[in-house]
1. Got the B:F45 label distances to the other copies yet, label 7 Å along Cα→Cβ, in nm, shortest first?
2. How much net charge surrounds A:Q68 when only the other residues with a Cβ under 13 Å from the Cβ of A:Q68 are counted, with Lys and Arg +1 and Asp and Glu -1?
3. Kindly provide the Kirkwood hydrodynamic radius of segment A:109-183 in Å, to one decimal, from all pairs of distinct alpha carbon atoms.
4. Given N residues in segment A:56-157, what is its alpha carbon radius of gyration divided by 2.2 N^0.38 Å?
5. To confirm my reading of the symmetry, which residue of chain A has the Cβ nearest the axis that brings A onto B, and what whole-Å distance does it have?
6. Put a label point 7 Å from Cα along the Cβ direction on A:Q68, then list its distances to the equivalent points in the other copies in nm, shortest first.
7. Taking amide hydrogens as modeled 1.01 Å from N in the peptide plane, which residues meet the under 5 Å criterion relative to A:H93, leaving out close sequence neighbours?
8. So, in Å, what gap is there between the alpha-carbon centers of segment A:115-167 and segment B:84-105?
2 protein chains.
Amino acid sequence: MEALQKLPGVGPRGATRMTQFLLRQPEEGRQLAQALLHTLEQVGFCQTCFLWAEGTCTVCGDASRDRQVLCVVEDPVNAWAIEGTGEFKGLYHVLLGALDPLRGIGPDELTVGKLVERVRAGSFAEVILATNPTVEGEATAHFVAQLLRPFGVRTSRIAFGLPAGGEISYADQVTLARALVARRGME
Amino acid sequence: MEALQKLPGVGPRGATRMTQFLLRQPEEGRQLAQALLHTLEQVGFCQTCFLWAEGTCTVCGDASRDRQVLCVVEDPVNAWAIEGTGEFKGLYHVLLGALDPLRGIGPDELTVGKLVERVRAGSFAEVILATNPTVEGEATAHFVAQLLRPFGVRTSRIAFGLPAGGEISYADQVTLARALVARRGME
């Protein structure tokens, strides 16, 4: 129960319920333990893109992916979200965070150096900066774009604006202001 | 209590509390009644832009507004939201709804005819289509853009994408896909 409570979102009650469940279903408990051990032994960061992987990740190892487009994200979960849209067929680079000087997170705490190496060595035509639409994500996107400028690669930023299906009058002012400024011509 | 319950969001309990309040504070009740009567008598649609107004609306009557840019919205509340951003200094046109064929709402149920008249007569350089990011709002924006094409005015659509301050992995798939497709080059 003490060990389960250390998991995020699990409190004393949840840990008690989980323990009761596992004691009644010992096979589930054994499978969970084995999955944990297997994962901790076998899964690490893909040494190319820093997604979670057993060895080389499934994206880097997929010959059908477009090796001309690189999508830079802060965390593996962001890459999974982008995979979920089915709109992106290129490769990823996970920074493992965003610049945050107040918390002592500079470029050296991220995988920025590896990204520069990849862009220098690779044949990328475009690098899409898909860091989060937060202050830190924006700063990181601009920092990386500037860093990649000498390599003559095109850099782009995912769009900001109104989320799909919403109502203009429910949008926050910053989002609405951005949606107005970034308006696009209609054909 | 019965009359108060007809207001949106007011149920039997709320109506009871409101009635008790008004009976204890009769002056507040009288002021509310007078405000209602005044509003119902004096306030109507601005006959130019269809915002709520007493006579000509404060936007149309403001000589400092940019009369070259027109922002088309579905409802007055959307215009107030855009006013709140401080990003827009032009004029408005309120459609008083969106196209919705299934509910029998076609162009004649909206102020589309008046919009065409304004664009034909006016000197607008750009019409920003700020209908909601919904299926109906999108269809309305495209319909209006096509209708205005003969007048040689530039039409634009507010941007779709990630809302400010969010997390990529929390965005819905449609929004994230649009944010990817509508990415912009970085300088």
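Taken together, the values in this text are just the output of simple stated rules run on the coordinates, not laboratory data. Everything quoted here is computed from the prediction, not taken from an experiment. Please note: Cβ atoms are built from the backbone with ideal geometry, for glycine as well, and neighbour counts cover all protein chains shown.
1. Label point to label point, same position, other copies: 5.9 nm.
2. Counting the neighbours of A:Q68, the net charge comes to +3.
3. Working: mean 1/r = 0.0708 Å⁻¹.
One over the average 1/r among Cα pairs gives 14.1 Å for segment A:109-183.
4. Values: Rg = 13.0 Å, N = 102, 2.2 N^0.38 = 12.8 Å.
Its radius of gyration relative to the 2.2 N^0.38 Å reference: 1.02.
5. A:G161, 2
6. Spacings between copies for this position, smallest first, are 3.8 nm.
7. Long-range HN contacts for A:H93: A:C71, A:V72, A:V73.
8. With segment A:115-167 and segment B:84-105 each reduced to a Cα centre, they are spaced 33 Å.
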